[in-house]
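Undergrad: To start, I am sharing the structure in question, which I have written as structure tokens.
The values are calculated or read from the model by the stated rules, or taken from the named source; none is laboratory data. Small disclaimer: the values here were computed from a predicted structure and weren't measured. Cβ coordinates were reconstructed from backbone atoms using ideal geometry, including for glycine residues, and neighbour counts include every protein chain displayed. SASA here: full protein model, heavy atoms, side chains in, ligands and nucleic acids out. Shrake-Rupley method; radii C 1.70, N 1.55, O 1.52, S 1.80 Å.
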Amino acid sequence: MHDTLPAYPLVIYSSFMATTGERFERAVSIMARLRGPGGCPWDREQTFDSIKPYTLEEAYEVLEAIDNRDWDELRGELGDLLLQVLFYSQMAQEENRFSIDDVLERLSNKLVNRHPHVFGDVTAETCAEVLRNWEALKAEEKKSRLQAGGGKSAQMESAESVLAGVSSAMPALLEAHKLSSRAAHVGFDWPEIAGLFEKLEEEVDELKTELKHIPGATKPAAKGIAGSGKPGVPGELRHRLEEEVGDMFFVLVNIARYLSLDPESALKKTNRKFKRRFQWMEEQLRGAGRTPQQATMNELESLWQRSKDKERLGQTGTSGAD
């Protein structure tokens, strides 16, 4: 890549007959121009920390486009996600830390090194064998980085741990999925899914036991702000309740993993389904000049069942498959 801007005049650039490399260099040049003198004031003011929320947002928008099978939207969202990579790389180059070239070189080397069954003489006929090789290579790479004294994150955990490298900064469902997957790769797993359902029942019973210590905890909260009307919970008991709920989530994540499902994606789809159905209920009430606050629980439950029935029949403009 070129450090000077741009490699060719942006105003006369044409995508006709342009190679992938030329298109990539153009994107890199545009990013450098935006951050450079006479560029965009907003882009110039951004930092590594200020861009982080956008990176997470763009990643989720990619997932949503995939879920919707909106391929035209996905093309744009992938570009937005790539922009984050270019942004970080440009800022790093300005601070003389690394450049986009270093990012690409490291990626290419990693892909080659971690696929010895493709680029080397290692044999891996199944996905399971590939994953075992992949984890072994990652562990060896981490050990080498530790010995070389490189990488702050690498120094924070023992290279011998199979859980090393699972970032605590990722969403909790994804972190739980990765932690349990790593443990399963070394044999720490339920022999069959029935054991997971037994564990889930155990965790539910433990939560119910803790709830007995809260008077009126099984009654619905008063209308208004979520949780209003609930009795106060002492700090120690709240900690135990949080622990039991967390245990339930972890078991559910393991059930999803056992079924080769993405728990984050599954919950996202349920969130959308709930939103779709609840908003249909609001529309019905609005047509009658009412709001959900003015409806009884029985009325709301009846509308909820109607929204589910209509989806099953395909009458709300959505698929009833979920």
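Undergrad: Return the sequence-ordered ³J(HN,Hα) values of region 102-115 in whole Hz as given by the Karplus equation 6.51 cos²θ - 1.76 cosθ + 1.60 applied to θ = phi - 60°, using x for Gly and Pro.
TA: 5, 4, 5, 5, 5, 5, 4, 4, 5, 4, 5, 5, 8, 10
Undergrad: Continuing with the same structure: At a probe radius of 1.4 Å, what is the per-residue accessible area of residue 302, in Å² to the nearest 10?
TA: My reading of the accessible area for residue 302 is about 60 Å².
Undergrad: So what does residue 255 come to for accessible area, using a 1.4 Å probe and Å² rounded to 10?
TA: Approximately 20 Å² of residue 255 is accessible to the 1.4 Å probe.
Undergrad: What does the accessible area per residue of region 76-198 come to in Å², with a 1.4 Å probe and no ligands, DNA or RNA counted?
TA: 65
Undergrad: How would you order 195-204, 177-186 from highest to lowest mean count of nearby Cβ atoms within 10 Å?
TA: Put in order of decreasing packing, that is 177-186, 195-204.
Undergrad: How big is the dipole moment of region 2-145 about its Cα centre under a simple scheme where the beta carbon of each Lys and Arg is +1, that of each Asp and Glu is -1, and everything else is neutral? Debye, nearest 20, please.
TA: 480
Undergrad: Could you list, in their original order, any pairs among 110/268; 110/143; 273/310; 52/273 whose Cα atoms are separated by more than 21 Å?
TA: 110/268; 52/273
Undergrad: Same structure again: Shape verdict for region 87-215, please, from the Cα gyration tensor: rounded (a/c under 1.5), prolate (a/b greater than b/c) or oblate.
TA: Judged from the Cα gyration tensor, region 87-215 comes out oblate (a/c at least 1.5, b/c at or above a/b).
Undergrad: Pop a pseudo-label 7 angstrom from the Cα along the beta-carbon direction at both residue 60 and residue 261 and give the gap in nm to one decimal.
TA: 2.1
Undergrad: Follow-up. Kindly report, to the nearest 10 Å², the accessible surface of residue 55 as traced by a 1.4 Å probe over protein heavy atoms only.
TA: Per-residue accessible area (residue 55): approximately 40 Å².
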